[in-house]
Amino acid sequence: MENKNIVITGGCGFIGSHIVDELIDFNKITVIDNLSSGKLENLKDPNHKNLTIIHEDLLNLNLDEILKDKDYVFHLAALVSVPGSVENPIQYNKTNVDATLELLNACKNCQIKKIVFSSSSAVYGENLNMPLNENENPMPCSPYAAQKASCELYLHSFYESYGLNYVALRYFNVFGPKQDENSPYAAVIPKFISAMLKGESPIIYGDGEQSRDFIYVKEIAKANIAACESDYNGVVNVALGKSTTINQLFKIVRRVLDSDIEAKYLDERPGDIKHSLADISNLKSINFEPDDTNFEEHLKETIEWFKSRL
């Protein structure tokens, strides 16, 4: 993608900043981020000549003015803590749904060519029909998941009503550099790495045989761009389509770190989903195939980033 004028909401966040990195050299980028969880330091060059940063909440902006003459929108800005959404569903709805609706309306008004929305595998809830297919009915178990599912419906309705092209990407277990291990939404990988780099035993809940479908953040960034460039409209799972148990993951991280630290096993957490695995056959609709051959190498890159931060 080159010579485009692009808006990225949440562009200072974990995933958003990787999309900025991929696009910044050959496109004009406007990042909108209130920095509630994103960080300017996530950007390689906050002063890049192609970059404009708007430090503000979406609901406080004249989005029609900002989106005027823009080509594409990547919408990642959100409050992402499941427990936080349970504690404060109204505030989360304002940020995750109301702001998205305002953005969609501005996209329609400004004739944006396509919006790519960051959704979540959380919309599947406790569905046991593995691998999870996009045609399954959403079964959200938290306000956060319900909000993501609601946004997907709004995207579809704007496509049907106004011809606004969209793709909603349902991310599974994303990991990589810039992930915050202190975030309430932090995945198991940064928690493992951080603990072991400090010489501490990582915690595994239950027997460790629960499994997840992990995918490297740079693959997520590439999937966003592929979705934007494709002719497809709809929902797409983004994952590797491979199952890794928490015990397997621990052994790989320990091997990469050349560590002899043992894990500490605690009681299973109530509400934790036992298995999560994506059907990724629909990725062909956006002409994307994730790299599933370098999982250990991607873990090494992630570990090196965490080492550089300590």
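FYI, it's all coordinate maths here, none of it is from the lab. Quick caveat: nothing in here was measured; it's all calculated off a predicted structure. In this analysis, Cβ positions are derived from the backbone assuming ideal geometry, glycine residues included, and neighbour counts consider all displayed protein chains.
Considering only region 1-89, give the helices (runs of 4 or more DSSP H) lying wholly within it that have at least 2 residues that are under 15 Å from residue 99 (Cβ atoms).
Output list reads 63-67.
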Residue selected from region 146-175 under the condition within 10 Å of residue 233 (Cβ to Cβ) and of a type in the set (Gly, Ala, Ser), by the criterion surrounded by the most Cβ atoms within 10 Å (Cβ to Cβ): 168
I'd like to know if region 199-215 contains one or more residues that are buried (at least 21 other Cβ atoms within 10 Å of the Cβ), under 17 Å from residue 17 (Cα atoms), in contact (Cβ under 8 Å) with a residue 24 or more places away in the chain and among the aromatic types (Phe, Trp, Tyr). no
Do you know which residues across region 2-59 are farther than 26 Å from residue 309 by Cα, surrounded by fewer than 19 Cβ atoms within 10 Å (Cβ to Cβ) and free of Cβ contacts under 8 Å to residues at least 40 places away in the same chain? 2, 3, 26, 27, 28, 49, 50, 52, 54, 56
I'd like the residue in region 260-310 that is in contact with a Ser or Thr (Cβ under 7 Å, 6 or more places away or on another chain) and part of a loop (DSSP other than H, G, I, E, B) and, out of all such residues, is nearest to residue 167 (Cα to Cα). 287
